[in-house]
Every structure is written in C-alpha cells, then in structure tokens.
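Just so you know, all these numbers are worked out from the coordinates, no wet-lab data involved. These figures come from a predicted structure and were not determined experimentally. In this analysis, Cβ positions are derived from the backbone assuming ideal geometry, glycine residues included, and neighbour counts consider all displayed protein chains.
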Amino acid sequence: MQENKNAAARWFREFWGNPWNPRIVNELATSDIFVHYPMHEPKTGRAAVLKFMTEFREAFPDLNFRGVGKLIAEGDFVVGQWKGGGTHTGQAFSDFRMGSIPAASGRKVKFAGTTILRLENGRIAEELGQEDALSAMLQLGLIRLPELEMIQERPGGPLPRGWNNMSGPSETGR
C-alpha cells in the first residue's frame, strides 16, 4: 500500500502540481487510463489525458492543485483531498461541460475536491474525482446566480411571504 501511496503522491505532484511534468503520463499511467471529473468530459488513454492537461495548462498557465491532508490507501485504491486553481490568461478553453471561455478572460478560479485513484501494478489506471464544480463554474462566469431583485420581479408578482424561511410568520403572529 505504501508503494501505491508513493505513486499517487507523485501523480498528484507532477500531473496536477506546478510545474507539471508531461512525461508523468507515460511514466506512471496505464495505456488505457481513465480520468473523470464531473466538470470535464471523461478522458480515456494516455494521449487523451496528455492532450487535456496540455490544453488546460495552456489556458491556465499557473494551474496548481496540491494535496491537503494524508492520503488514504486500501488495496489498489488511494484517496486524496486537494485544493487549488489558476488564472485564465491563456488560450480559449472548451473542455468544461458547462461551456467554453474565450482566450485570456482573466478569471481566477479556486476550488477543492476529492480524488480516488485505482492503481494496477503500481500505475494509475483510473482517476475518479469529485470537485466543487459549482464554485468553479460561478467563478469562471459559466453559470450565474439569479439576482434577488430579478427573482422578486418575476412574472406573477413577488415571491410569496416565507419563500426562504427568513420572512415567514413571526413567533407572535401564529
């Protein structure tokens, strides 16, 4: 298990860290590696994973994710928590499921998540992650929260009293 933890730590540091090591994909990933995060389309195979990270880093040159806390290992699985982000100062990027961002938007993004790595013979075979995609998409401007005034001015009139549990009946008004 310690060998798997060491491989996972190296993957996190050299694949997701800054500076990144593009050679890590061939050195540490299986040929049919599968990488999936809800914010991006799934990737299968070294070439697809390398292309994804190359384009991600061309769009976000300062991209940097780092582990937080200790890695947890059981058999062929290693779990780690991480946080990080970057600034979109590079090329347009279209791998987000929620849409694309034009070149050099200047948007900064910071978010966190958890990743499960499955290893085969000391190599990364699967990387399945869960990230705070809502925060990231809001920061990148790919989704927007409705403005409160817009909600109150909706067709059909204002929202009913108590719609958010903050303006409901008072204790004495029952």
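Counting only residues at least eight positions apart within a chain, or on another chain, the aspartates and glutamates with an alpha carbon under 19 Å from that of LYS51 are GLU14, GLU27, ASP32, GLU41, ASP62, ASP95, GLU126, GLU127. Summing charges over all other residues whose Cβ lies under 11 Å from the Cβ of ILE33, with Lys and Arg as +1 and Asp and Glu as -1, gives 0.
Could you work out the local net charge near GLY85, counting Lys and Arg as +1, Asp and Glu as -1, over the other residues with Cβ closer than 14 Å to its Cβ?
On the way: positive: ARG57, ARG66, LYS83, ARG107, LYS108, LYS110; negative: ASP62, GLU131, ASP132.
Here the charged neighbours net out to +3.
In segment 2-145, one over the average inverse separation of all distinct C-alpha pairs is 15.3 Å, which is the Kirkwood hydrodynamic radius.
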